[in-house]
Amino acid sequence: MRWWQEAVFYQVYPLSFKDSDGDGFGDLRGIVGKLDYLNDGKGGGLGVDALWISPFWKSPMRDWGYDVASYDEVDPVFGDMEAFRDLVDGAHARGMKVVLDLVVNHTSDRHPWFAEARGSKDDPRHDWYLWAPIKGRKKPNNWVCLFTLKSAWVPNPATGEYYLGTFTPDQPELNWRNPEVKDAVYGIMRKWLDFGVDGYRLDVCTAYVKDAKLRSNPPSHRANPELFQRHVYDRNRPEVAGIFREMRALADSYPGERVLVGEAHGHDPKLAASCALDGEGLHMAFNFDFLHAKWGAGSFRKSAERWYAALGRKNWPNFTLSNHDQSRAAFRYRSDDPEVTDRRCRILAMMLLTLRGTPFVYYGEEIGMTCERIRKEALRDPLGKATWPLAFVGRDPERTPMQWSAKQGGGFTSGHPWLPLNSDWKTRNVAAQEADPQSLLSFWKSAIRFRKARRELVEGTIEFVTAPRGVLLYRRRLRDSELWVALNMSRWAVTVPVNGTKGAVLLETVVSSTAVADSTGNGHFLRLQPWSGAIVG
Ligand code: GLC
């Protein structure tokens with residue numbers, strides 16, 4: 001087993017995690033100050049093993065750091081190189097890995113490369129980006145800018161051309177067919193691997209290569225997320241596999257298994273699976289299917305089985321329920337009854353930590369942070385602004401500040417937070433949940449510890465077992481040891497046969513004899529209250 005197969009990953013969205021200097025924006029020193037919360041290296045803290053940190057490089061913040069103006073300089077909003085050093089060293093000292101977000105499908109239009117490239121067709125950097133001539137009023141093709149929902153082609157009068165900007169018009173796309181671009185990116189990768197980071201999350205990596213002829217995408221009937229196009233020419237080109245192989249070879253040339261986690265740009269698990277190339281490509285790529293799965297045992301089972309089938313035997317799975325681009329799980333699976341929402345969050349935690357594959361947790365998920373409508377004047381995300389008043393299309397609601405305590409600013413900032421805190425911050429926060437052994441946070445801690453203590457959950461095989469309606473039941477087996485996970489996602493109390501076990505409840509989502517295992521002459525049964533789960537051994 002490799003560390004990245006065993007680790008529990010935790011995504012930090014640095015603007016919203018912890019502000020150390022009172023300017024209202026989270027920063028690197030803020031993260032350093034919270035390392036013990038994440039894992040103090042002595043068995044305390046949440047217990048996560050690896051941090052994926054969203055970008056903190058110099059940026060005009062049109063896409064809040066996903067528009068990089070220098071891959072070598074920390075943006076002053078986040079701090080400086082010394083803070084970055086302390087973050088990496090501090091995490092390592094506690095046994096945590098640090099994975100950076102590498103955003104190289106595009107740069108910011110403020111990156112010096114683009115400033116040079118856009119000036120003249122003769123500039124040596126011109127061919128580092130993607131261009132098409134301006135001819136009359138017709139755009140070069142039908143590719144769409146995802147955040148403005150207009151054409152992705154942005155006029156550049158100086159050269160009489162358009163450049164391509166699929167995200168915001170301020171994020172010109174690099175020309176990955178140019179070997180100089182590859183060399184430059186690989187140089188950046190080496191630089192921070194040399195510095196000591198443990199790998200990269202590769203932003204929209206399946207979009208690096210575009211069709212050489214810039215053909216229009218064929219139509220699709222799906223509005224979301226495809227915007228009525230089948231994205232066969234503006235992303236998902238087969239040539240990208242060659243880049244993944246090169247990147248893997250680069251990562252493998254370092255000691256300590258530096259990891260590459262791809263963001264496959266699309267919902268199809270097959271696309272994510274295709275990034276791994278049977279051990280020669282990316283170590284993992286995100287499968288976003290759970291972010292769109294309906295609540296219910298059948299729905300999660302089907303989704304997981306599809307993912308495992310797509311991966312085949314040689315590629316390693318991972319699971320995620322929330323990130324900075326999608327509504328949080330606690331919001332998606334909410335109920336009018338907050339008690340039920342809380343119970344569902346526990347079931348999700350147990351599922352995420354016990355399915356076969358690497359779990360990725362999003363900051364705040366461990367305290368059940370939710371999403372709220374944000375008033376127009378407070379919106380920060382370009383997508384949110386473009387789609388207002390359609391609440392929750394934009395991404396601000398899932399990026400609100402971490403709720404640390406009931407102190408002013410939620411313990412996130414002593415100043416004015418860059419995005420409003422969720423309205424429940426006074427009651428739903430880390431301090432309150434740390435003090436309560438029955439809280440969701442306390443459950444996450446126990447569940448993470450349990451996962452670490454039981455190799456079945458990391459190394460073992462997984463097999464789904466037929467169960468009463470509403471129950472997701474699977475066994476994890478390693479040699480002759482077996483654990484059964486039973487998740488009752490329904491509103492009814494159920495009795496689940498767990499005959500392969502000794503009938504001992506080892507972990508339960510709600511402590512209050514929610515789960516009782518008993519044996520009759522006919523074997524073991526587990527009784528589960530509505531919306532509850534248990535691990536039985
Ligand atoms: C990825 C990021 C998203 C960003 C986009 C453009 O999808 O997760 O936040 O806006 O790429 O970089």
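The values are calculated or read from the model by the stated rules, or taken from the named source; none is laboratory data. What you see is a predicted model, and the numbers here were worked out from it, not measured in a lab. Virtual Cβ from ideal backbone geometry, glycine too; neighbours counted across all protein chains shown.
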Tally of residues being in a strand (DSSP E or B) and within 16 Å of the ligand (Cβ to nearest atom) across region 71-86: 1
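Quick check on my filter: what residues within region 192-225 are more than 26 Å from the chain's Cα centre (by Cα) and surrounded by 14 or more Cβ atoms within 10 Å (Cβ to Cβ)? Steps first, please.
Taking region 192-225 first, the residues more than 26 Å from the chain's Cα centre (by Cα) are 211-221.
Answer for region 192-225, where residues must be more than 26 Å from the chain's Cα centre (by Cα) and surrounded by 14 or more Cβ atoms within 10 Å (Cβ to Cβ): ASP211, LEU214, ARG215, SER216, ASN217.
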Selected residue (criterion: nearest to GLU226 (Cα to Cα)) from residues of region 114-165 that are touching a residue at least 40 places away in the same chain (Cβ under 8 Å) and among the hydroxyl-bearing types (Ser, Thr, Tyr): THR148
Residue match in region 470-486 (condition: of a type outside the set (Val, Ile, Thr), modelled with pLDDT of 95 or more, surrounded by 17 or more Cβ atoms within 10 Å (Cβ to Cβ) and under 19 Å from CYS371 (Cα atoms)): no
Residue match in region 24-32 (condition: within 16 Å of the ligand (Cβ to nearest atom) and buried (at least 21 other Cβ atoms within 10 Å of the Cβ)): yes
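Condition test on ALA386, is it farther than 30 Å from ASN315 by Cβ and either among the polar types (S, T, N, Q) or at pLDDT 95 or above (or both)? Give the derivation first.
Working: farther than 30 Å from ASN315 by Cβ: yes; either among the polar types (S, T, N, Q) or at pLDDT 95 or above (or both): no.
Against the criterion (farther than 30 Å from ASN315 by Cβ and either among the polar types (S, T, N, Q) or at pLDDT 95 or above (or both)), ALA386 does not qualify.
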Members of region 460-488 that are touching a strand residue (DSSP E or B) at 6+ places or on another chain (Cβ under 6 Å), among the aliphatic types (A, V, I, L, M) and more than 15 Å from LEU353 (Cα to Cα): VAL465, ALA467, VAL471
Sole residue being crowded, with 16+ Cβ neighbours inside 10 Å, among the charged types (D, E, K, R) and more than 16 Å from the ligand (Cβ to nearest atom), chosen from LYS139, LYS58: LYS139
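Anything in region 1-24 that is under 18 Å from LYS407 (Cβ atoms) and within 22 Å of the chain's Cα centre (by Cα)? List them, or say none.
Answer for region 1-24, where residues must be under 18 Å from LYS407 (Cβ atoms) and within 22 Å of the chain's Cα centre (by Cα): SER16, PHE17, LYS18, ASP19.
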Those residues of region 292-347 which are closer than 23 Å to VAL8 by Cβ and among the polar types (S, T, N, Q), in sequence order: SER303, ASN315, ASN318, THR320, SER322, ASN323, GLN326, SER327, THR341
Residue within region 387-395 that is touching a residue at least 24 places away in the same chain (Cβ under 8 Å), at positive phi and within 16 Å of the ligand (Cβ to nearest atom) present: yes
All positions within region 327-373 that are farther than 24 Å from LEU383 by Cα, touching a Pro at 6+ places or on another chain (Cβ under 7 Å) and outside any helix (DSSP H, G or I): ARG356, GLY357
Where ALA272 falls short, out of the listed (1) touching a residue at least 40 places away in the same chain (Cβ under 8 Å); (2) within 16 Å of the ligand (Cβ to nearest atom): (1)
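Got a sec? Which of ASP19, ASP89, ASP67, ASP36 is outside any helix (DSSP H, G or I) and either more than 30 Å from LEU174 (Cα to Cα) or away from the ligand (no atom under 16 Å from the Cβ) (or both)?
Values: ASP89 fails: outside any helix (DSSP H, G or I); ASP67 fails: either more than 30 Å from LEU174 (Cα to Cα) or away from the ligand (no atom under 16 Å from the Cβ) (or both); ASP36 fails: outside any helix (DSSP H, G or I).
None of the others qualify; the one that does is ASP19.
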Residue in region 221-228 that is within 27 Å of VAL197 (Cβ to Cβ) and in a loop (DSSP other than H, G, I, E, B) present: no
Residue in region 450-468 that is of a type in the set (Gly, Ala, Ser) and either within 22 Å of the chain's Cα centre (by Cα) or under 24 Å from ARG328 (Cα atoms) (or both) present: no
In region 291-326, the residues that are among the aromatic types (Phe, Trp, Tyr), surrounded by 21 or more Cβ atoms within 10 Å (Cβ to Cβ) and assigned to a loop (DSSP other than H, G, I, E, B): none
